[in-house]
1. Among the residues in the range B:85-98, are any farther than 24 Å from B:L23 by Cα, surrounded by 24 or more Cβ atoms within 10 Å (Cβ to Cβ), within 13 Å of chain A (Cβ to nearest Cβ) and polar (S, T, N, Q)?
2. For the range B:120-142, indicate whether the set of residues that are charged (D, E, K, R) and either assigned to a helix (DSSP H, G or I) or buried (at least 22 other Cβ atoms within 10 Å of the Cβ) (or both) is non-empty.
3. If you take the residues in the range A:85-117 that are in a strand (DSSP E or B) and of a type outside the set (V, I, T), which one is farthest from A:V252 (Cα to Cα)?
4. Only one of (1) farther than 27 Å from A:R229 by Cα; (2) of a type outside the set (A, V, I, L, M); (3) in contact (Cβ under 8 Å) with a residue 24 or more places away in the chain; (4) within 14 Å of another protein chain (Cβ to nearest Cβ) fails for A:S142. Which number is that?
5. Return the total of residues in the range A:74-108 being touching a helix residue (DSSP H, G or I) at 6+ places or on another chain (Cβ under 6 Å) and farther than 20 Å from B:R34 by Cβ.
6. Find the residue count for the range B:205-256, including only residues that are assigned to a loop (DSSP other than H, G, I, E, B), on the phi < 0 side of the Ramachandran plot and not charged (D, E, K, R).
7. For B:R194, indicate whether it is closer than 23 Å to B:D28 by Cα and of a type in the set (K, R).
8. Go through A:L172, A:L213, A:L161, A:L152 for me and flag whichever is buried (at least 23 other Cβ atoms within 10 Å of the Cβ) and in the same structural domain as A:E107 (by TED's automatic domain parsing).
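The values are calculated or read from the model by the stated rules, or taken from the named source; none is laboratory data. Every value quoted in this text rests on a predicted model; they were computed, and no experiment measured them. Cβ coordinates were reconstructed from backbone atoms using ideal geometry, including for glycine residues, and neighbour counts include every protein chain displayed.
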2 protein chains.
Amino acid sequence: MTPPHTAAGGDGSVRSVSRAVELLSLFDVDHPTRSLRDIVRLTALPKTTVVRLLGTLESLGLVADRGEFTYSVGAAFLRWVTLAQSLWEVSADTRRVMTRLVDDCGETVNIYIRQDLSRTSIAQVEGKTTVRSVVAVGAPYSLSAGAAAKVLLGACSDAALRQLAERDGVPLDTLRSEASSVREAGYAVTHGEREMGASAVAAPIVSADGRILAALSVSGPTSRFTADRVGRYVDAVTAAARDISEIGLGTVEAFL
Amino acid sequence: MTPPHTAAGGDGSVRSVSRAVELLSLFDVDHPTRSLRDIVRLTALPKTTVVRLLGTLESLGLVADRGEFTYSVGAAFLRWVTLAQSLWEVSADTRRVMTRLVDDCGETVNIYIRQDLSRTSIAQVEGKTTVRSVVAVGAPYSLSAGAAAKVLLGACSDAALRQLAERDGVPLDTLRSEASSVREAGYAVTHGEREMGASAVAAPIVSADGRILAALSVSGPTSRFTADRVGRYVDAVTAAARDISEIGLGTVEAFL
């Protein structure tokens, strides 16, 4: 569940901050607490490093010690809760369209935005089956693989495509041609690109002047994205993306 | 508005993480965006350091570049929003008691908990006047000054009191005697202790077995905490703290 794209900077200060964020990312609604042993295993860092990092994060209020070598996120996060919600949460109307799309397709629906050279889900409604696509809201994922990524590539400058090609070791021509063909088609379908056995259909959410702001995606196990169903999913996703484009994303749009 | 207590560790990695958190703390509901110039001025860091730090935080999704050298918090915070709320937010009933206390006294009401050697407000209802006490929810404040601090000292081990005395340069005997007398009195009143011109009245929120879990405080300008009013505030705060102790703080209690 560790997001595949976290900054791996050369200098030490970048690395410390990345490590701290990586550690904090181990906590989510499904894992509100973590044992020291788990944290060491999941970060693959030396125990002494983990203990020092936990001490620093605790003194900053970002980690709370629950005793018996168990930890959770600290109250300092409350500082950003209201702000992050007011800046990043999509409108109730948009969420209703997403829920309707889940009702139609049965699969998990996300809205992804581009942040630098990654993509991040800012809103999610989970699918209805036990085997379903699970990505973490707010976590960075690849911008060079997956249906939502291909939709977002359509909004990238050529300079950004170059940087991405270099960073992810993907041919620049491939990214360019994917960006333009997906922009033309108005949707993307991928199978096993980001992860084996995972498929997705995505379509652009656009501004009044036609700029690609975000990608709406439906994703799940490849076994359920059969040829006959994918046609229906493409129709449903593109229609829902059009609805959301009309409604607008809300305050988030100021960032996109 | 920068909280007075952030970890100032000796080694570089601790410092990088502290600096990153300090920078992120500049963003709040009143300052959803900050210019590069403001960030440099408020952190008092060299511009090159700030630019590098912003780059790192942006690549991690914690900062969003809004163009024209203006920044805000990034979508990565969404990852912890639901979790932090579910862990740290007080119950609706408790919030109602706090609102009633604001109605009674007109001043800002906070619930503080101890985190390590600091105290942090986990819930706030703001006062009704333009000149009012403003502290940031989630930010660390002094555990050796202010009425809420004195209430929380009553729950500190002697080892914690020793550490605090050493860190804040306060005589250990003073802390010990304050802790025991406030515990005996059942409330604390301070004037200008944490900040000149700021006064507060606080009382303990306790568990079923009498452990001090948190401090409920009313705070505002000293000019309004006159002798005749303070008596009334003490009655109101101790009564409200008893009500909250009966209701319970909710999931937060697991941490306290």
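1. no
2. No; the residues of the range B:120-142 include none that is charged (D, E, K, R) and either assigned to a helix (DSSP H, G or I) or buried (at least 22 other Cβ atoms within 10 Å of the Cβ) (or both).
3. A:N110
4. Against the list (1) farther than 27 Å from A:R229 by Cα; (2) of a type outside the set (A, V, I, L, M); (3) in contact (Cβ under 8 Å) with a residue 24 or more places away in the chain; (4) within 14 Å of another protein chain (Cβ to nearest Cβ), A:S142 comes up short only on (1).
5. 7
6. Final tally of qualifying residues: 6.
7. Judged against the criteria, B:R194 is a match.
8. Checking each option against the conditions leaves just A:L152.
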